[in-house]
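Below is one structure, written out as structure tokens; the observations come after it.
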Protein chains: 2
Amino acid sequence: MNIDNVQNFAGTAAEFFRDLQARICAAFEALDPGHKFEASGWERGDEHRLKGGGQMRVMRGKVFEKVGVNVSHVWGTMSEAGQKQLPGAEESGGRFTATGISLVAHMANPFVPAVHMNTRYMATSQAWFGGGSDLTPTFPFDEDTTDFHAAFRKACDGYRPDAYAEYKKWCDEYFYLPHRQEPRGVGGIFFDNLSSGDQAKDWAFVRNVGEAFLDIYPRLVARRKDTAFTDADRETLLHKRGRYVEFNLVYDRGTKFGFQTDANPDAYLMSMPPVVKW
Amino acid sequence: MNIDNVQNFAGTAAEFFRDLQARICAAFEALDPGHKFEASGWERGDEHRLKGGGQMRVMRGKVFEKVGVNVSHVWGTMSEAGQKQLPGAEESGGRFTATGISLVAHMANPFVPAVHMNTRYMATSQAWFGGGSDLTPTFPFDEDTTDFHAAFRKACDGYRPDAYAEYKKWCDEYFYLPHRQEPRGVGGIFFDNLSSGDQAKDWAFVRNVGEAFLDIYPRLVARRKDTAFTDADRETLLHKRGRYVEFNLVYDRGTKFGFQTDANPDAYLMSMPPVVKW
């Protein structure tokens, strides 16, 4: 692994993630007239042995009750605790580069599904991609589930014939609450440690996952956002969100990793819903 | 450790916990006219290798927005995963007895502090007590903090001169959110693995902790429950509760233990606040 190549590629990837962030935010703002994302940038200084930074964008609107779209690009030397958790990090002496986009949307209307999407590039002495997207409706509609899966299936089929089946299964297994014996939602795709040996091909797939998200999710929002709902429907949504909190704080790797670092809790807890009931 | 003595003692302890539960619930109902606790019992059958059961009592009132008071008494043989976490359990071949009372109150008025109290008796090849109580105000009042601590200090001073200082420190260390770099609240006492060799004396202390709670907390509720508050105060409360959720799902031993067993999630997640914001 040539470190200059890694840094150059990470820069290219970060540029794509920033562009995707801008396009996603524009699409979401178009669906929620009168509301805008608020951006806040952050930087890592040398005192953290880390460089780079990122930008959080959050909108609290009428349709999007709370949505966060974060992009980050961080590199440097990670703590020893961190090294044990990341493939190839002990071999690189802790040196790493990471860039990605991460998105969670909690919707005001109980008939609009919540959604998560994340894609990322990681490099230590190895380099790989990870990511996925899953849909969490309170009241599932077969039509939405079918269309959501079809969009990601298309991205997967362009990559490798078995990819969709594998990544769908991985998603179902990952987004599951054992203590409730229930899935978080209706699934999607999930993949990690992706490194086929053909980086250009892997990266095209990862970009297509982002594009698939941008293609399908705004359509689902437009389809359901004006559906009439009752107070009881809204109560059901708020309780469903409790499951989301339980999953993210107890099981989600990204959130757990955040708790173990000195990262900004507002960033890795951006996924928390705006209002929740138990 | 004579197993018959253990079982007899656990039965006596459970009887005390049930009586304490009844008295606490009566005191809380008196402070929230027109509202009553709803009780639901549960039993463990042989298919779980466990026997015994418990009773959850929950009130969703006007003053007590959500309060749960649970008593349980369970015995049998625990899973191998569980054995590794409990002192003396490998030596007992997994046989154990556990009984305790557990209480969490989330209050409607932002000026009434939330509270937690738990005391328990555990026996494997060893036997010990654990417990404590801590106060989580959104807007702390020195008077409340002082009175709360004084009540538990009195219980501790009757047990051992250094107990209060030790158990206060343990509480401050335990109820701390490292990722936020902030304490959960204003403390109280916390103790575990308590076994001085004089079981009668230890048990008297544990009972006094319960009595101290019943003495002080209703007085704090009465003192603050009619304080006028604004929508902004209530918002601050709902965000403070987010910290409570983060602590319980990420750090709390009892909750984590619940997630790792096949216990009823409604029981170990009784501590979740009724409404939360992030």
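Between chains B and A, what is the buried accessible area in Å², counting both sides, with a 1.4 Å probe and ligands, DNA and RNA left out, to the nearest 100? Before the final figure, lay out the partial values.
Working: alone 12880 and 12900 Å², together 24020 Å².
Buried area between the two chains comes out at roughly 1800 Å².
Tell me the Kirkwood radius of segment A:1-152: reciprocal of the mean inverse pair distance over distinct alpha-carbon atoms, in Å. Numbers along the way, then the final one.
Working: mean 1/r = 0.0587 Å⁻¹.
Roughly 17.0 Å, rounded to one decimal.
Calculate the all-directions average of the projected area of segment B:182-225's alpha-carbon convex hull, and give it in nm².
4.4
For A:Asp233 and A:Lys169, what is the calculated FRET efficiency with R₀ set at 25 Å and r taken between the beta-carbons, to the nearest 0.05? Don't skip to the answer; put the middle values down first.
Working: r = 31 Å, r/R0 = 1.25.
After rounding, the FRET efficiency stands at 0.20.
Of the residues A:Thr119, A:Thr236, A:Thr138, which exhibits the maximal mean-square fluctuation in a Gaussian network model of chain A defined by a 10 Å Cα contact cut-off?
Highest fluctuation of the listed residues: A:Thr236.
At 20 °C and a viscosity of 1.002 mPa s, what translational diffusion coefficient does Stokes-Einstein give for segment A:39-116, taking Rh as the Kirkwood radius over Cα pairs? Give it in µm²/s as a whole number. Let's see the in-between values first.
Values: Rh = 14.5 Å.
Estimated via Stokes-Einstein, D reaches 148 µm²/s.
Grab the DSSP H runs of chain B that are 4 residues or longer, score each as -39,500 (n - 2.57), total them, divide by all residues and round the 222 nm result to the nearest 500 deg cm²/dmol.
Working: 8 runs with 121 residues, N = 278.
Value at 222 nm, helices only: -14500 deg cm²/dmol.
Using only Cα atoms, what Kirkwood radius does segment B:45-89 have, in angstroms?
On the way: mean 1/r = 0.0768 Å⁻¹.
Evaluated over segment B:45-89, this radius sits at 13.0 Å.
What accessible area, in Å² to the nearest ten, does a 1.4 Å probe give for B:Ser79?
Probe radius 1.4 Å; accessible area of B:Ser79 about 50 Å².
Can you give me the orientation-averaged projected area of the convex hull built on the Cα atoms of chain A, in nm²?
If I average the Cα hull's projected area over directions, I get 14.2 nm².
Which value, to two decimals, describes the C-alpha radius of gyration of segment A:8-82 once divided by 2.2 N^0.38 Å?
Numbers: Rg = 15.0 Å, N = 75, 2.2 N^0.38 = 11.3 Å.
Scaled against compact globular proteins, the figure is 1.33.
Taking DSSP loops as anything outside H, G, I, E and B, show the longest stretch in chain B free of GluC sites (Glu not before Pro) there with at most 15 other beta carbons within 10 Å. Don't skip to the answer; put the middle values down first.
On the way: sites that count: B:Glu90, B:Glu91.
Longest run free of exposed loop sites: B:92-278.
Which lysines does B:Lys256 reach when only Cα atoms under 25 Å apart count, and residues fewer than 8 places away in its own chain are ignored?
Answer for B:Lys256, where 25 Å is the Cα cut-off: A:Lys84, A:Lys240, A:Lys256, A:Lys277, B:Lys51, B:Lys66, B:Lys84, B:Lys168, B:Lys169, B:Lys240, B:Lys277, listed by chain and number.
List residues of segment A:200-232, by number, whose backbone nitrogen lies under 19 Å from a label position 7 Å along Cα→C-beta of A:Asp157.
Label zone hits: A:204-217.
Could you work out which residue, out of B:Ala127, B:Ala155, B:Ala26, moves most in a Gaussian network model of chain B, that is, has the largest mean-square fluctuation with Cα springs under 10 Å?
With Cα springs under 10 Å in chain B, the top fluctuation among B:Ala127, B:Ala155, B:Ala26 is at B:Ala26.
Using a Gaussian network model of chain A with C-alpha springs under 10 Å, which one of A:Gly45, A:Gly54, A:Gly94 is most mobile by mean-square fluctuation?
Comparing A:Gly45, A:Gly54, A:Gly94 in a Gaussian network model of chain A, the most mobile one is A:Gly45.
Using the Kirkwood formula over every pair of different C-alpha atoms, what hydrodynamic radius in Å results for segment B:73-232? Intermediate values should be presented prior to the final figure.
Details: mean 1/r = 0.0588 Å⁻¹.
For segment B:73-232, the Kirkwood estimate is 17.0 Å.
I'd like the per residue volume of the convex hull spanned by the Cα atoms of segment B:74-149, given in cubic angstrom. Write down the numbers at each step before the final one.
Details: hull volume 8.3 nm³, N = 76.
Each residue corresponds to 110 Å³ of Cα convex hull volume.
Leaving out ligands, DNA and RNA, and with a 1.4 Å probe, what % of the accessible surface on segment A:207-251 is carbon or sulfur? Don't skip to the end; give the middle numbers.
On the way: 910 of 1880 Å².
Solvent-exposed carbon and sulfur of segment A:207-251 make up 48 percent of the total.
Once you have all Cα-Cα distances for segment A:23-66, histogram them in 10 Å bins from zero and send the whole-percent values.
26, 37, 20, 14, 2
With bins 5 Å wide starting at 0, give me the P(r) of segment B:156-278 over every alpha carbon pair, in whole percents.
Percent of Cα pairs in each bin: 2, 9, 13, 16, 19, 19, 13, 6, 2, 1, 0.
Once the cut-off is 15 Å, how many percent of the Cα-Cα pairs in segment B:132-175 end up in the long-distance tail? Don't skip to the end; give the middle numbers.
Values: 420 of 946 pairs.
The calculated P(r) of segment B:132-175 puts 44 percent of pairs beyond 15 Å.
Starting from the exponent 0.38 and prefactor 2.2 Å, build the expected Rg for the protein assembly as shown from its residue count and divide its actual Cα Rg by it.
Details: Rg = 25.7 Å, N = 556, 2.2 N^0.38 = 24.3 Å.
That ratio works out to 1.06.
Give me the dipole magnitude in Debye, nearest 20, for chain A about the Cα centre, with unit charges on the beta carbon: positive for Lys and Arg, negative for Asp and Glu.
On the way: 33 positive and 37 negative charges, 79 e Å.
Computed charge dipole of chain A: roughly 380 debye.
The values are calculated or read from the model by the stated rules, or taken from the named source; none is laboratory data. The shown structure was predicted, so the numbers you read here are calculated from the model rather than taken from an experiment. Note that we place each Cβ from the backbone using ideal geometry, even for glycine, and neighbour counts take in every protein chain shown. Surface accessibility is based on the protein's heavy atoms, side chains included, excluding ligands, DNA and RNA. Shrake-Rupley method; radii C 1.70, N 1.55, O 1.52, S 1.80 Å.
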